[in-house]
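Okay, structure first, notes after.
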Amino acid sequence: MANVVSIAAAAASLPWDVEVVRADFPALAQLVNGHPLVYLDNAATGQKPRAVLAALDNYYQRDCGNIHRSVHQLGERATEAYERARRTAQAFLGAAEPREIVFTRGTTEAINLVAATYGAANLRAGDEILLTGMEHHSNIVPWQLLAERTGARVKVAQVNDRGEVEMEEFERQLSPRTKIAAFGHISNALGTVNPVAEWTQRAHAAGAVVLVDGAQSAPHLPIQVSALGCDFFAFSGHKVFGPTGIGVLWGRAELLEAMPPYQGGGDMIASVSFERTTYNRIPYKFEAGTPHIAGAIGLGAALEYLQALGMARAAAYEQDLASYGAERLAALPGVRWIGQARERTAVFSLVVEGVHPHDVATVLDTEGIAVRAGHHCAQPIMDRFGVPATTRASLAFYNTRGEVDRLAEGLEKVRRIFQC
Amino acid sequence: MPELDELYQELILDHAKRPRNFRVPEGADRRAEGFNRLCGDRITLFLRLEDGVVRDAGFQGAGCAIFTASASLLTEAVKGKSEQQAEDLFRRFHALVTGHADQAQAETLGKLAAFGGVSAYPVRVKCASLAWHTLKAALSGDGAPVSTEE
């Protein structure tokens, strides 16, 4: 909101001052089990800056009306704020037009939308859908459902020992039958940054349409969909430090226009009669029912916050944290992490020899350190590395070297308790 | 603040490292599988019953320390118990790990009382109780895999 000044944003031209950035995130300043919180579960969800909380508050306290239908002031304000969020998302992604931005519940719904509409309309028996071995379940299951319905086949580009899909392997799995290629920009389980622009070129050359799952990249990298060259890009609001329950599907206007609607209901129609219903123009054709208005407004505030902060600066700072983390954690005996890709973000999928990730996470929690233990909704990549689960520390631009030290000390405590 | 050594007591760490009855008992006539979706704990529990009494018990699987120790101590605790006694034990164990047992009730559980610290860690209750849910399935003999997602 205009009246909530972000100190960090004002300092955008100065060197990264992490303490100033942290001051924008009230949840970071708390004690957990008697220790200052060390929040290292950013791949699961990000904490929210004051600007987002203020935007939500403002909508519910002042501008709460329904959108696209109210003549009254509140409805007008709500509509303006909602559509402004769409323009912010357009700018954030470097998209050509606001109408290419469809609000969804999140990345999962965005992928399901494309599978259920573009996929159902264009795939036939014998066609192929290309995925990689490091996808999140949300970029696997919608395609499996589509394959079941259409008789298409899911193919998988396999991951090497470093946690990368090599270009030769990607090309090997492409064929003239590949109609859709869908892959994550950054692996949530490994932190691998995939060369999605190059993959997109190859997939386009084979005649496929490309969807990039940007759930893990939108919070950490500057995104320009025109530079990536893809056809669809999906991300979630809560991972870019906005509210839960809201996300974005970007699609090329000509593709979105040709796609059948996703859900039927209010707002997605031009006119309805029992004889014939005509659909609204894009993006409204894909936004049936009253959407998550507050969520979209809050997401817009989050994206404005990130833009003011500067995604390139944030990414550079996170790379420094990644190098420091790698150095600090590699020095710990009995601790390793899976995923050694040359291009990585600050994600460490840790294995403590002889200790189950769940026990690691419990010990760390008593030290006030929040990590994720489990298979990270990416069971195939866990199988690939022969582990049932890992303890994942995923960092963001508000984390510090000192917090990496706290993690290392916590892991030493784990080894002391389990005497390994 | 919950104390970590209340959760990871000596007895639990010992059974987690060296689980007892980690085997398929000879002549096992009941078997059930359990799975904790949250953290991937997996168990296959085997029983040998004679006249409704558990004569032998063993398990296979993998999981966290709380889960492994719980399965290990379960296989020791149920030997010689009738189906009814085993189910009664589960009920009392469940009360313990969910914080619904007082001191006197905890003491009736013998070694299993070591799991008293689990009640301070609600997300770990599933780890402690998975083997017991699986036991119930093995005793009822319906053979359906057990999940902790009730």
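Can you tell me the dipole magnitude for segment A:55-308 around its Cα centre, using point charges on the Cβ only (Lys, Arg +1; Asp, Glu -1), in Debye to the nearest 20? Can you show the working numbers first?
Working: 22 positive and 27 negative charges, 93 e Å.
Value, rounded to 20: 440 debye.
Does the protein assembly as shown classify as rounded, prolate or oblate by the C-alpha gyration tensor (a ≥ b ≥ c root eigenvalues; a/c under 1.5 gives rounded; else a/b over b/c gives prolate, otherwise oblate)?
Details: a/c = 1.81, a/b = 1.56, b/c = 1.16.
Note, shape of the protein assembly as shown comes out prolate.
What number comes out for accessible area per residue over segment A:55-308 if the probe is 1.4 Å? Units Å², please. Walk me through the numbers on the way to the answer.
On the way: 9720 Å² over 254 residues.
With the other protein chains kept in place, segment A:55-308 gives 38 Å² per residue.
How large is the convex hull of the C-alpha atoms of segment A:17-133 per residue, in Å³? Working shown, then result.
On the way: hull volume 24.1 nm³, N = 117.
About 206 Å³ per residue, rounded to a whole number.
Using the alpha carbons of segment B:2-142, what is the convex hull volume per residue in cubic angstrom, as a whole number? Don't skip to the answer; put the middle values down first.
Details: hull volume 13.3 nm³, N = 141.
Per-residue hull volume (Cα only) is 94 Å³.
Tell me the net charge near A:Ala294. Cut-off is 12 Å between Cβ atoms, A:Ala294 excluded, with +1 for each Lys or Arg and -1 for each Asp or Glu.
Numbers: positive: A:Arg62; negative: A:Asp57, A:Asp63.
Cβ neighbours under 12 Å give a net charge of -1.
Say the cut-off is 32 Å between C-alpha atoms; which of A:Lys155/B:Lys126; A:Lys48/B:Lys136; A:Lys239/B:Lys136; A:Lys48/A:Lys179; B:Lys79/B:Lys126; B:Lys81/B:Lys126 go over it? Don't jump to the answer; show the numbers that get you there.
Numbers: A:Lys155/B:Lys126 36 Å; A:Lys48/B:Lys136 44 Å; A:Lys239/B:Lys136 40 Å; A:Lys48/A:Lys179 38 Å; B:Lys79/B:Lys126 23 Å; B:Lys81/B:Lys126 23 Å.
The pairs that break the limit, which is 32 Å between Cα atoms, are A:Lys155/B:Lys126; A:Lys48/B:Lys136; A:Lys239/B:Lys136; A:Lys48/A:Lys179.
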In chain A, taking the dipole from +1 charges on Lys and Arg beta carbons and -1 charges on Asp and Glu beta carbons about the Cα centre, the listed residue (A:Ala341, A:Thr278, A:Val196) farthest towards the positive end is A:Thr278
Per-residue average of other protein chain Cβ atoms inside 10 Å, peptide B:58-68 -> 3
Calculated from DSSP helices alone, with each H run of at least 4 adding -39500 (n - 2.57) and the total divided by the residues of the protein assembly as shown, [θ]222 nm to the nearest 500 comes to -11500 deg cm²/dmol
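What's the local net charge at B:Asn21, with K and R +1, D and E -1, over the other residues with C-beta under 10 Å away?
Details: positive: B:Arg20, B:Arg23, B:Lys79; negative: B:Asp56, B:Glu76.
Within the 10 Å Cβ shell, the charges total +1.
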Sorted by chain and number, the residues with a modelled amide H under 5 Å from that of A:Val32, at a separation of 5 or more or across chains, are A:Leu37
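Output the relative contact order of chain B, whole-number percent, from Cα pairs under 8 angstrom with separation of 6+ residues.
Working: 281 pairs, mean separation 45.5, N = 150.
The normalised contact order for chain B reaches 30 percent.
Could you size up the charge dipole of segment B:1-77 around its Cα centre, putting +1 on the beta carbon of Lys and Arg and -1 on that of Asp and Glu, and report it in debye to the nearest 20?
On the way: 10 positive and 13 negative charges, 79 e Å.
With only Lys, Arg, Asp and Glu charged at Cβ, the dipole is about 380 debye.
From Cα pairs below 8 angstrom and at least 6 apart in sequence, can you work out the relative contact order of segment A:192-241, rounded to a whole percent? Mind dumping the intermediate values first?
Numbers: 47 pairs, mean separation 20.7, N = 50.
Computed value for segment A:192-241: 41 percent relative contact order.
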Buried accessible area between B and A, both sides, 1.4 Å probe, in Å² rounded to 100, is 1400
Computed over chain A, the relative contact order (Cα-Cα under 8 Å, seq sep at least six) in percent reads 22
For segment B:2-142, the percent of accessible surface on carbon and sulfur atoms (probe 1.4 angstrom, ligands and nucleic acids excluded) is 47
With the charge dipole of segment A:126-263 built from beta-carbon charges (+1 for Lys and Arg, -1 for Asp and Glu) about the Cα centre, the Cα from A:His137, A:Phe183, A:Gly229 projecting farthest to the positive end belongs to A:His137
Farthest towards the positive end of the dipole of segment B:2-142, among B:Leu89, B:Val53, B:Ile66 and with Cβ unit charges of +1 on Lys and Arg and -1 on Asp and Glu, lies the Cα of B:Ile66
With a ≥ b ≥ c from the Cα gyration tensor eigenvalues, square-rooted, and the rule rounded for a/c under 1.5, otherwise prolate when a/b > b/c and oblate otherwise, segment A:55-308 is oblate
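Treat every Asp and Glu Cβ in the protein assembly as shown as -1 and every Lys and Arg Cβ as +1, leave all other atoms uncharged, and give the resulting dipole magnitude about the Cα centre to the nearest 20 debye.
On the way: 56 positive and 65 negative charges, 106 e Å.
I would put it at about 520 debye.
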Counting only protein heavy atoms with a 1.4 Å probe and every protein chain in place, the carbon and sulfur fraction of the accessible surface of segment A:297-420 in whole percent equals 51
Sorted by chain and number, the residues with a modelled amide H under 5 Å from that of B:Asp56, at a separation of 5 or more or across chains, are B:Arg48
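The values are calculated or read from the model by the stated rules, or taken from the named source; none is laboratory data. Quantities reported herein were computed from a predicted structural model and do not represent experimental measurements. Quick reminder, even Gly has a Cβ in these numbers, built from the backbone with ideal geometry, and neighbours come from all protein chains shown. Side chains are part of the model used for accessible areas, which takes the heavy atoms of the whole protein and leaves out ligands, DNA and RNA. Shrake-Rupley method; radii C 1.70, N 1.55, O 1.52, S 1.80 Å.
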